[in-house]
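A.B. asks: One structure coming up, written as structure tokens, with questions to follow.
The values are calculated or read from the model by the stated rules, or taken from the named source; none is laboratory data. Nothing here was measured: the structure is a model prediction, and the numbers come from that model. A quick note on method: Cβ atoms are made from the backbone with ideal geometry, for glycine too, and the neighbour counts reach across all protein chains shown. The protein model used for the area step is the full one, side chains on, heavy atoms only, and it has no ligands, DNA or RNA in it. Shrake-Rupley method; radii C 1.70, N 1.55, O 1.52, S 1.80 Å.
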Amino acid sequence: MKPWRIALLALVTAALGAYLYFFELPKAKEEATKAKLLDVTADAVTGLTLVFPDREIELKKQDGHWALVRPVAAPADDTAVGAMVSTIVGSEVQKTLDELPANLADFGLDKPDPLVRVVAGDRTLPEVRLGRTTAVGGKAYARRGDEPKVLLVASSTRLGLDKKPEDLRDKRLVDFKDDAVTKVTIARGDAVVTLARKDKDAWTVDPGGYPADPTEVRSYLSSLRSTRATGFADDAPTALTPYGLDVPRLRVAVYIGGDSPAQELLIGTDFTDKDQKRSYAKRGDRPGVVTVGDWTLRSLDKSPGQLRDKTVLAFDAAALGKISLERPDGLGFTATRSDETTWTLEGGGAPKTAVLARFVDDVRDLRGSDVAAEPATDVARFGLDAPALRITVGGKDGTDLGTLLVAKKDAKYYAMRAGGSTVFETRDYMYTRLDKKRSDVVETPASPDAKK
């Protein structure tokens, strides 16, 4: 390479290095060390006031939890308030206009939207005024305290603070941990259903003293715990009658171990709000009336039959040695099992072991969706005097493990244990899974053409 080309290359390299060092590197450092709008951490904030043109919101943090002070005294949603605090304390100054303009209205700073006051313990930080957003660039104008300059911050700061009181209120109606619950009562008028914990995962249902279905109990506790207010109807009602809460349609009380008082949820009358069906509700120990979705009543109003263990034919699948399915059309089957995976079909044929294994599981796991009759004095009402499916289970030692009767009647499906006293209503898909024929469990021989 010619000397002059080497010199030119060295000159270009030196110029590029100088540009990076004197211009880009300082700019990168400046970007990495942008000044915060407020010199405080989120954890240190104990008070927050937002003054909008049409409303004022004041919040205070006590004992680690946030509460609304104005416009109403009420528990606040810690997560929602925490996100808002993080928004203001995490906001960075993107740019500074070092001269305060004569007309703050041009920047929306004469009537801030909002004015933000932050308190950290005994320290009150400078007020922050947020003005209008820029036409381009995604920025918002701001002023800190009485500083003679205008700041530019991300427009997301303003958006993150644009809240109404109801956005920040705690919408939980009951608050508990499932493992701590000892009892739940569900009262509709004088009829009371009680769930009582007997052991970690063992519950009973009264009236009747029946074992509860653990899955149903877990689902119920989850529905109750997840119930949220959709709105706040009246924080200081003079009467509960207009809301149907003087004589509520449903009362649900959850009891926690120790000396904690029961948390009671009351459900009142329904109403329609902008084409949305709602119900009035309240906590028994709180004055305010809230609104909830109309599905709340449906999810919490349970009968003993819906909560009890509705296993139709309980048996130990490992002890099973024989299973027979009888059908009116004569297309049933009988299969015996010598070990976990070895099946034999009466009448010959190669059994589909996977299909038979699933069939056994479906018989064992069959649960009713509700109790149709107890005691079952007239099984003909449910088609069980001539069942569509009769499934008999025998043990490896020849013992009778029970017989399951399944029928369809008037577009509904029913099941019971032969000789039992309870008829259960079942789901249609469970009937479909049990509705097997011999052809479903035997391998189809390959045709001669397929072997060629």
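A.B. asks: Using a cut-off of 14 Å between beta-carbons, work out the net charge of the residues near T185 (Lys and Arg +1, Asp and Glu -1, T185 not included).
C.D. replies: Spelling it out: positives minus negatives among the neighbours equals +1.
A.B. asks: Mind checking which lysines have their Cα closer than 28 Å to the Cα of K60? Skip sequence neighbours fewer than 8 apart in that chain.
C.D. replies: K36, K111, K163, K164, K171, K177, K282
A.B. asks: Can you give me the orientation-averaged projected area of the convex hull built on the Cα atoms of the chain, in nm²?
C.D. replies: 44.7
A.B. asks: With runs of 4+ DSSP H residues as the only contributors, calculate the mean residue ellipticity of the chain at 222 nm using -39,500 (n - 2.57) per run, divided by the residue total and rounded to the nearest 500.
C.D. replies: -6000 deg cm²/dmol
A.B. asks: Under a straight-distance cross-link criterion of Cα-Cα below 12 Å, which aspartates and glutamates are reachable from K352, leaving out those fewer than 8 residues away in the same chain?
C.D. replies: Hits, sequence-local ones excluded: D440, E443.
A.B. asks: Next question, about the same structure. Hey, what did the chain get for relative contact order, percent, Cα under 8 Å, at least 6 apart?
C.D. replies: So the answer I get is 9 percent.
A.B. asks: Right, something else. Averaged per residue, what accessible surface does the chain expose to a 1.4 Å probe, in Å²?
C.D. replies: Accessible surface, normalised per residue, equals 55 Å².
A.B. asks: Here is a further query. Assuming 1.567 mPa s and 4 °C, estimate D for region 160-227 with Stokes-Einstein, Rh taken as the Kirkwood radius over Cα pairs, in µm²/s.
C.D. replies: 92
A.B. asks: Measuring from centroid to centroid over Cα atoms, what is the spacing of region 147-161 and region 282-325 in Å?
C.D. replies: Between the Cα centres of region 147-161 and region 282-325 lies a distance of 51 Å.
A.B. asks: Quick check: at a probe of 1.4 Å, how many percent of the accessible area of region 250-378 sits on carbon and sulfur atoms?
C.D. replies: 46
A.B. asks: Reported to two decimal places, what Rg/Rh ratio describes region 340-421 when computed on Cα atoms with Rh from the Kirkwood expression?
C.D. replies: 1.02
A.B. asks: While we're looking at this one, here's another question. Across 5 Å bins from 0, what is the distribution of all Cα-Cα pair distances for region 53-176, in whole percents?
C.D. replies: 2, 10, 20, 22, 18, 13, 9, 5, 2, 1, 0, 0
A.B. asks: What is the spin-label model distance, in nm, from A262 to T215 if the labels are put 7 Å beyond Cα along the C-beta direction?
C.D. replies: Once both label points are built, they end up 2.9 nm from each other.
A.B. asks: What's the longest piece of the chain with no exposed GluC sites (Glu not before Pro), counting a site as exposed if DSSP puts it in a loop and it has at most 10 other beta carbons within 10 Å?
C.D. replies: Of all site-free stretches, the longest is 100-339.
A.B. asks: On a 0 to 90° scale, report how tilted helix 353-365 is relative to the longest principal axis of the chain, with both axes built from alpha carbons and the result rounded to the nearest 10.
C.D. replies: 80
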